[in-house]
Amino acid sequence: MSNTHTHTDPLSSIPQEVADACKAWPFEQAKDVIKRLRALNKGEIKPGKKGYVLFETGYSPSGLPHIGTFGEVARTTMVMRAFQCLAPGIPVKLVCFSDDMDGFRKVPGNVPNQDMLAQNLNLPLTQVPNPFDSDYESFGHHNNAQLRAFLDRFGFEYEFFSGTECYKSGKFNDTLRLILEKHDEIKAAVLPILGEERAAPYSPFLPISPKTGRVLQVPVLETHPDKGTIVFEDEDGTKTEIPVTDGHVKAQWRADLALRWFAMDVDYEMAGKDLVTSTEIAAKIVQILGSRGPAGFRYELFLDEEGKKISKSKGNGLTMEDWLTYAPHESLAYYMFLRPTTAKKLFFDIIPKTVDEYITFVNKLPEQDDKQKLENPAWYIHNGIVPKGQHTPVSFALLLNLVNAANTEDPAVLWKFIQAYAPDATPETAPFLDRLVGYAIRYYKDFIL
């Protein structure tokens with residue numbers, strides 16, 4: 001789904017001086033994008049040769065999409081909308097990039113056919129057989145399809161890019177040759193952050209064995225920029241020379257980040273706080289290649305109820321599926337909007353309060369002036385206009401009390417109570433409220449009963 005598009009209503013209805021004065025974090029981030037464009041274009045706000053401003057989010061398809069994936073795409077979309085207000089008329093594009101040529105290093109615990117997967121370690125993810133009962137040709141392809149279905153479910157406008165396709169089609173070839181030319185300089189930029197053991201064999205390139213197809217973490221013995229090749233020792237001990245182009249190598253992860261930033265001229269990409277050093281090194285590599293890294297902030301990670309970092313493998317804290325079982329995705333987007341650079345706890349008790357805060361902001365938006373709108377999280381969640389039927393005259397807390405008092409799991413019974421508070425409301429005229437009824441029943445059943 002492509003979304004290279006220009007400034008459209010209602011974004012364009014915000015007066016320029018109001019947009020320029022806005023201090024909300026998406027606008028502060030969008031101003032950093034403008035600084036980048038000015039720095040690259042002699043003071044002009046224009047998108048360079050590609051013709052649009054590129055907002056990117058990256059994804060590793062070694063596992064399924066999760067709450068962090070949702071947060072990154074939702075927040076990046078918010079920054080993109082703010083940019084459209086600050087720089088009307090400049091086309092923008094959101095790209096979701098899948099690093100699917102990465103070597104398959106570890107079998108996730110939550111997928112079937114573990115033994116089969118264990119036999120395919122170190123193959124590129126798009127070469128690992130599909131362990132699921134689906135028609136996709138590989139594990140990577142299956143997970144990419146899951147990502148796209150996930151993004152489509154929430155109505156994100158984006159274009160999907162596959163790392164495998166970018167490497168194999170030659171899209172990255174010029175930049176890969178440039179990395180080969182600057183091999184030693186890039187190596188020197190990365191070595192200071194590596195331990196002794198990892199520093200010794202380090203190269204920005206991971207050769208892909210012509211014999212086994214595996215992504216190898218082995219030393220590069222020789223580099224030949226004039227021929228565009230590298231030499232390494234293959235798994236069977238033979239000295240092998242391969243080109244760095246057309247999918248014969250995969251860049252090491254920091255160099256890979258820099259590769260796509262440079263090759264695609266990415267203007268904005270945010271990352272988790274755990275990746276601060278990696279993104280700094282990637283930006284240095286982009287500089288070595290002759291450009292400037294993207295704008296973007298480092299967001300804080302989520303914590304569980306005890307303040308410990310949420311881990312997929314430990315299963316502590318709240319998953320996205322948990323949240324979406326008991327509350328609408330709009331409320332999760334609202335939670336993502338709040339203080340992204342502050343660590344936030346993610347556990348069940350925060351859900352009702354978050355839903356009600358979201359409802360308050362949605363109900364206020366139509367009555368607010370332009371300045372107030374830009375301070376309202378609902379403006380960012382709904383691209384400036386609240387969908388018809390999104391307003392609700394009843395809070396989620398009241399709904400939970402109603403379910404409790406009525407002691408029922410029948411939505412029709414609940415609607416009779418709701419109509420005592422709001423006589424004009426029906427499931428047809430208030431579809432968002434009707435969704436909330438379903439969530440309230442589930443929350444009551446699982447937590448209060």
What shape does the range 286-370 have by the C-alpha gyration tensor, where a ≥ b ≥ c are the square roots of the eigenvalues, rounded means a/c under 1.5, and otherwise prolate means a/b greater than b/c and oblate the rest?
-> oblate
Percent antiparallel among DSSP beta bridges confined to the range 231-371, rounded to 5, stands at 45
Enter the Cα centre distance for the pair the range 342-368 and the range 197-225, rounded to the nearest angstrom.
-> 49
Mind listing the long-range amide H neighbours of residue 205? Cut-off is under 5 Å, sequence gap 5 or more, other chains count too, H placed in the peptide plane at 1.01 Å from N.
-> 252
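Could you work out the per residue convex hull volume over the alpha carbons of the chain, in cubic angstrom? Display every interim value, and only then the final one.
On the way: hull volume 72.1 nm³, N = 449.
Taking only Cα atoms, the chain has a hull volume of 161 Å³ per residue.
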Would you mind calculating the relative contact order of the chain from Cα pairs under 8 angstrom and at least 6 residues apart, reporting the percent as a whole number?
-> 14
Where does the charge balance sit around residue 389 when Lys and Arg score +1, Asp and Glu -1, over other residues with C-beta under 15 Å from its C-beta?
-> -2
List, in order, the whole-Hz ³J(HN,Hα) value for each residue of the range 174-183 obtained from phi through the Karplus relation with A = 6.51, B = -1.76, C = 1.60 and θ = phi - 60°; use x for Gly and Pro.
-> 4, 5, 5, 5, 5, 4, 5, 4, 9, 3
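Listed highest first by mean packing, meaning other Cβ atoms within 10 Å per residue, what order do 352-360, 102-110, 419-427, 329-337 come in? Could the numbers behind the result be given before it?
Values: 352-360: 19.8, 102-110: 15.7, 419-427: 12.3, 329-337: 22.8.
Result, highest mean Cβ count within 10 Å first: 329-337, 352-360, 102-110, 419-427.
What's the carbon and sulfur percent of the chain's accessible surface, probe 1.4 angstrom, rounded to a whole number? The partial results should precede the final answer.
Values: 9900 of 20130 Å².
For the chain, the apolar C and S fraction of the accessible surface comes to 49 percent.
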Measure nothing but the geometry: give the 0 to 90° angle between the long axis through the Cα atoms of 350-364 and the longest principal axis through the Cα atoms of the chain, rounded to 10°.
-> 70
Principal-axis tilt of helix 67-86 within the chain, Cα atoms, nearest 10 degrees | 80
The rounded separation in angstrom of the Cα centers of the range 15-51 and the range 250-276 is 20
Counting Lys and Arg as +1 and Asp and Glu as -1, what is the net charge of the other residues whose Cβ lies under 14 Å from the Cβ of residue 360?
-> -3
Can you bin the range 233-280 into rounded, prolate or oblate? Criterion: square roots of the alpha carbon gyration tensor eigenvalues sorted a ≥ b ≥ c, rounded for a/c under 1.5, prolate for a/b above b/c, oblate for the rest.
-> oblate
Quick one: which residues, 5+ away or cross-chain, put their amide H under 5 Å from the amide H of residue 389? H built at 1.01 Å from N.
-> none
Among 180, 402, 11, residue whose mean-square fluctuation peaks in a GNM of the chain (springs only between Cα atoms under 10 Å) = 402
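Does the range 321-449 come out rounded, prolate or oblate, given a ≥ b ≥ c as the square roots of the eigenvalues of its C-alpha gyration tensor, rounded meaning a/c under 1.5 and, failing that, prolate meaning a/b above b/c? Spell out each step's value before the answer.
On the way: a/c = 2.46, a/b = 1.29, b/c = 1.90.
Since a/c reaches 1.5 but b/c is at least a/b, the shape of the range 321-449 is classed as oblate.
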Please state, as a whole number in µm²/s, the translational diffusion coefficient that the Stokes-Einstein equation yields for the range 3-154 at 37 °C and 0.692 mPa s, with Rh defined as the Kirkwood radius across alpha carbon pairs.
-> 186
Along the range 318-335, what does the Karplus equation 6.51 cos²θ - 1.76 cosθ + 1.60 (θ = phi - 60°) give for ³J(HN,Hα), rounded to whole Hz, x for Gly and Pro?
-> 9, 8, 5, 4, 4, 4, 6, 6, 10, 7, x, 5, 4, 5, 5, 4, 4, 5
The helix 431-443 Cα axis meets the longest alpha-carbon principal axis of the chain at an angle in degrees, between 0 and 90 and rounded to 10, of 80
Starting from the Cα-Cα distance between residue 152 and residue 401, subtract it from 0.36 nm times their residue separation and give me the gain in nm to one decimal.
-> 86.3 nm
Could you state the accessible area per residue of the chain in Å², with a 1.4 Å probe and every protein chain left in place?
-> 45
Among 434, 410, 304, whose mean-square fluctuation peaks in a Gaussian network model of the chain (Cα, cutoff 10 Å)?
-> 410
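Please list, by residue number, every one of the trypsin sites (Lys or Arg not before Pro) in the range 27-98 that is coil in DSSP and has at most 10 other beta-carbon atoms within 10 Å.
Details: sites: 31, 35, 36, 38, 42, 49, 50, 75, 81, 93; in loops: 42, 49, 50.
In loop regions of the range 27-98 (DSSP not H, G, I, E or B), the sparsely surrounded trypsin sites (Lys or Arg not before Pro) are 42, 49.
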Using just the helices of the chain, give the 222 nm mean residue ellipticity in deg cm²/dmol: DSSP H runs with n ≥ 4 each add -39,500 (n - 2.57), and the total is spread over all residues, rounded to 500.
-> -12500 deg cm²/dmol
Check residue 102: other-chain or 5+ apart residues with amide H under 5 Å from its amide H, H built from backbone geometry?
-> 125
Go ahead and set up a Gaussian network model of the chain, Cα springs under 10 Å, then flag whichever of 209, 169, 98 fluctuates most.
-> 169
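Among DSSP bridges having both ends in the chain, what percentage is antiparallel? Round to the nearest 5. Present the calculation step by step, with values, prior to reporting the outcome.
Details: 16 of 33 bridges.
Roughly 50 percent of the DSSP beta bridges within the chain come out antiparallel.
The values are calculated or read from the model by the stated rules, or taken from the named source; none is laboratory data. Treat the numbers as computed from the prediction; the structure is a model and nothing was measured. Here Cβ is always computed from backbone atoms with ideal geometry, including for glycine, and neighbour counts include all displayed protein chains. Note: accessible area is taken over every heavy atom of the protein model, side chains too, but ligands, DNA and RNA are not part of it. Shrake-Rupley method; radii C 1.70, N 1.55, O 1.52, S 1.80 Å.
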